[in-house]
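Here is the structure we will look at.
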Amino acid sequence: MRVLFVSSECYPLAKTGGLADVAGALPLALAPLGVDARVLMPGYPGVRDQLIGTTKVASLPGLFGGDATLVAGTTVAGLQVLLIEAPHLFTRSTGGLYLGPDGTDWPDNHLRFGALSWVGAAIAMGRVGTWAPDLVHLHDWQAGLTAAYLRYDREAARAPGTLLTIHNLAFQGLFPPATRASLLLPSQALDVDGMEYWGQLSFLKAGVQWSDRLSTVSPTYAREILTPNEGMGFDGLLRLRAHELTGIVNGIDDSVWDPANDPHVGTPYTSRKLAAKAANKAALQHELGLEVRAETPLFSVVSRLTTQKGLDLLVAALPRLVATGAQLVVLGTGDPTLEAGFVAASVAHPGQVATVIGFDEALSHRIQAGADAVVMPSRFEPCGLTQLYGLRYGTLPVVARVGGLADTVIDANEAALRDGVATGVQFSPVEADPLAVAIERTVDLFRDRTAWQRTQRRAMSRDVGWDVAAGRYLSLYQEILAHRSR
């Protein structure tokens, strides 16, 4: 089976979030199952330099305002990548993948990701290059227009199967309706039964409307987005397609996140040698200016500092965390008010709270290896990866009972502890007081060393790699192709 992934980012080539991790890891996990999966992505600056064996596949003249080239190459890990080299769309000297230096969307994002989708559809129809897929796997709004181009293709009847994975429904790819013509779509595409969304044009709605099947990144999130509270305006349309919506929990690259072989970790350890984790805790405490105390529970946050991540609730709960005698380390960047709140806590409680504003990949690994618990009080969380890293490293997740967090962490209640199945602590509703109670419960569990270590070992025994998810995606691909062949 041949599958084309259409994604705006892909680890390790270009990344802003978990979407890149999925696009970079899932194709590799599918390979042993007989799937020839390749990733189509924009040729951002520096991406081609990270590939080996690059070759020109095709010229793409006049691609949404300028000439472009399709280039093939392979990552060091063996991932096959197709790059759209279009300097007029993707070469920017400042800013990020989606935002300009002023923090607002690039004004031509509709053209940039319209081009990504257009090339995806052209490859799917066998009109560009010599390799054509049996199925196209679209990822988030940036790839959603691929389904529209296939829907309105003059040979739509022979188009391959399509799957849209929604990684985060909050990002919907909304643009003025006047952009339709520049995207080379017919006027009927903007019907209410098409990609029109409250007077705007939505890339995501195109994918939801016209993909053969839909998936999202956890079973709980798949249920949540069918409700008015979590559906973000799409719940009505999604309920119509609920029978075609599947939730599959993401995995992590367990070769990158491996406490026994992590190059960023000073003292490697396993679930059988948990005592070695203490050395990483002491090193982290020393590095960040915390008091070096093995008997003190060390909580951590590695996250974007936003209200969606519920970190305003943690700021509000900090007095109760501090009152337990526990420590906290925060690594992240985001809302200036939240940044200031955590920095102020570090100043008010030196030796007990440490804050690093920014992101440092190596430090994030050292935090997972050295902390005792990782706090994720998200208001919504489609899947979440940080709690999976925590499970892998025996750093127990303290999580809101939402989305993928609810699916991947088993609360350390009395029954779960008795049966030896607990892997962390959950709380609900998502408010400051329940979060504070969850932190206090975690401190109590930490002080029961036998129960704590048993929970750590159970957490570390969880299979959080990609093998299970890859098998489920393969089954979904097979269902799509079987349905289309009828």
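The values are calculated or read from the model by the stated rules, or taken from the named source; none is laboratory data. Just so it is clear, the model here is predicted, and its values are computed rather than measured. Note: ideal-geometry Cβ built from the backbone for every residue, glycine included; neighbour counts use all protein chains shown.
Annotations for the structure displayed:
- Some residue of segment 73-88 being without any contact (Cβ under 8 Å) to a residue 12 or more places away in the chain and either over 22 Å from residue 178 (Cα atoms) or not small (Gly, Ala, Ser) (or both): no
- Top-ranked residue in segment 281-305 [being in contact with a helix residue (DSSP H, G or I) (Cβ under 9 Å, 6 or more places away or on another chain) and either more than 25 Å from residue 338 (Cβ to Cβ) or not assigned by TED's automatic domain parsing to the domain that holds residue 316 (or both); ranked as surrounded by the most Cβ atoms within 10 Å (Cβ to Cβ)]: 281
- Subset of segment 321-372 that is of a type in the set (Asp, Glu) and in contact with a strand residue (DSSP E or B) (Cβ under 8 Å, 6 or more places away or on another chain) - its residue that is surrounded by the most Cβ atoms within 10 Å (Cβ to Cβ): 372
- Flag if residue 379 is at pLDDT 95 or above, outside the structural domain of residue 36 (by TED's automatic domain parsing) and assigned to a helix (DSSP H, G or I): no
- No other residue among 45, 32 is of a type outside the set (D, E, K, R), surrounded by fewer than 16 Cβ atoms within 10 Å (Cβ to Cβ) and within 28 Å of residue 183 (Cα to Cα) apart from 45.
- Extreme residue, surrounded by the fewest Cβ atoms within 10 Å (Cβ to Cβ), among residues of segment 159-173 that are in contact with a Lys or Arg (Cβ under 9 Å, 6 or more places away or on another chain) and under 20 Å from residue 106 (Cα atoms): 172
- Scanning segment 248-286 for residues that are within 19 Å of residue 462 (Cβ to Cβ) and either among the hydroxyl-bearing types (Ser, Thr, Tyr) or in contact with a strand residue (DSSP E or B) (Cβ under 8 Å, 6 or more places away or on another chain) (or both) returns 248, 255, 269, 270, 271.
- Scanning segment 115-132 for residues that are within 18 Å of residue 212 (Cβ to Cβ), buried (at least 24 other Cβ atoms within 10 Å of the Cβ) and under 22 Å from the mean Cα position of the chain (by Cα) turns up at least one hit.
- Among the candidates 25, 31, 58, the residue that is of a type in the set (Gly, Ala, Ser), modelled with pLDDT of 95 or more, assigned by TED's automatic domain parsing to the domain that holds residue 114 and not in a strand (DSSP E or B) is uniquely 31.
- Boolean, residue 189 is outside any strand (DSSP E or B), in contact with a Phe, Trp or Tyr (Cβ under 6 Å, 6 or more places away or on another chain) and surrounded by 14 or more Cβ atoms within 10 Å (Cβ to Cβ): no
- Scanning segment 287-314 for residues that are within 22 Å of residue 363 (Cα to Cα) and among the aliphatic types (A, V, I, L, M) turns up 288, 290, 292, 294, 298, 301, 302, 305, 311, 314.
- Tally of residues being closer than 13 Å to residue 375 by Cβ and without any contact (Cβ under 8 Å) to a residue 60 or more places away in the chain across segment 438-467: 2
- Scope segment 192-235; condition surrounded by 22 or more Cβ atoms within 10 Å (Cβ to Cβ), part of a loop (DSSP other than H, G, I, E, B) and within 20 Å of the chain's Cα centre (by Cα); matching residues: 217, 218, 225
- Checked against (1) more than 16 Å from the chain's Cα centre (by Cα); (2) part of a helix (DSSP H, G or I); (3) over 25 Å from residue 287 (Cα atoms), residue 407 passes all but a single condition, namely (1).
- Note on segment 67-101: residues that are of a type in the set (Gly, Ala, Ser) and either under 22 Å from the mean Cα position of the chain (by Cα) or at positive phi (or both) total 5.
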